[in-house]
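Here is the structure we will look at, set down as structure tokens.
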Amino acid sequence: MSTTGASPDSAAAGVPPPGLPPGSGTLPGSSDEPPAALPIGALLNALAQEVSHGLQERLHLIVLEARQVGLRATQMILLAVLAALMACSAWATVLVAIYMACTTHGVSWPVALLIVLLVNVAAAAAAVRVAYRLNSQLGFPATLRMLTHIGHSHPGPEAAVERPGVTPPTPYPVNPTAPQASPPA
């Protein structure tokens, strides 16, 4: 124990012992010299450990989130398959209903089957037509138009004649709120 009556706990907490005036800020045995600087190797080692720890935490978070994304994607695919199966059974029910309605109204069964076949083929043709229209949007058409027209003047309506099915981009004014200049007379 020290002779001034200060306990080691009060010295560690920064509380001055009873013999020093409050606010003096110095403890017995302390000096006004700054603490010895740590060697640069120790600082670099500590920095490397902190960076490594931070990277490990972030990678762990990425792995956990990737697992969640994988589980959610699997659930979405399974639900899509289930919905497709339900849609198929509903479509089969519609076809059976058409067949039953035809045979109930006196249509022979081969003709009723032909009607069901024609309804099915018409629905398939409509689905193929929609898929074909969506196919034209798969190649990033707006991005390709923009990239092909960089550095060139606006192609105008004649460009649509050169490439059927592709509409040229619309030129936008720089400031849409600014009054438009009238053409020279």
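Every number in this text was worked out from the coordinates using simple rules, so none of it is lab data. Remember, predicted model here, so these are calculated numbers, not experimental data. Please note: Cβ atoms are built from the backbone with ideal geometry, for glycine as well, and neighbour counts cover all protein chains shown.
List of remarks:
- Debye intensity ratio in log₁₀ form over the Cα atoms of the range 25-144, taken at each q of 0.15, 0.19, 0.23 Å⁻¹: -0.98, -1.11, -1.21
- The range 54-67 - phi-based ³J(HN,Hα) in whole Hz, Karplus 6.51/-1.76/1.60, Gly and Pro as x: x, 5, 4, 5, 5, 5, 4, 5, 5, 5, 4, 5, 5, 4
- Scalar couplings 3J(HN,Hα) for the range 77-89, obtained by applying the Karplus form with A = 6.51, B = -1.76, C = 1.60 to θ = phi - 60°, are 5, 4, 5, 5, 5, 4, 5, 5, 5, 5, 5, 5, 5 Hz; x denotes Gly and Pro.
- ³J(HN,Hα) computed for each position of the range 133-149 - Karplus, 6.51 cos²θ - 1.76 cosθ + 1.60, integer Hz, glycine/proline x: 5, 5, 4, 5, 9, 7, x, 6, x, 5, 5, 5, 4, 5, 5, 6, 9
- R0 of 22 Å, Cβ-Cβ distance residue 137-residue 76: FRET efficiency to nearest 0.05: 0.50
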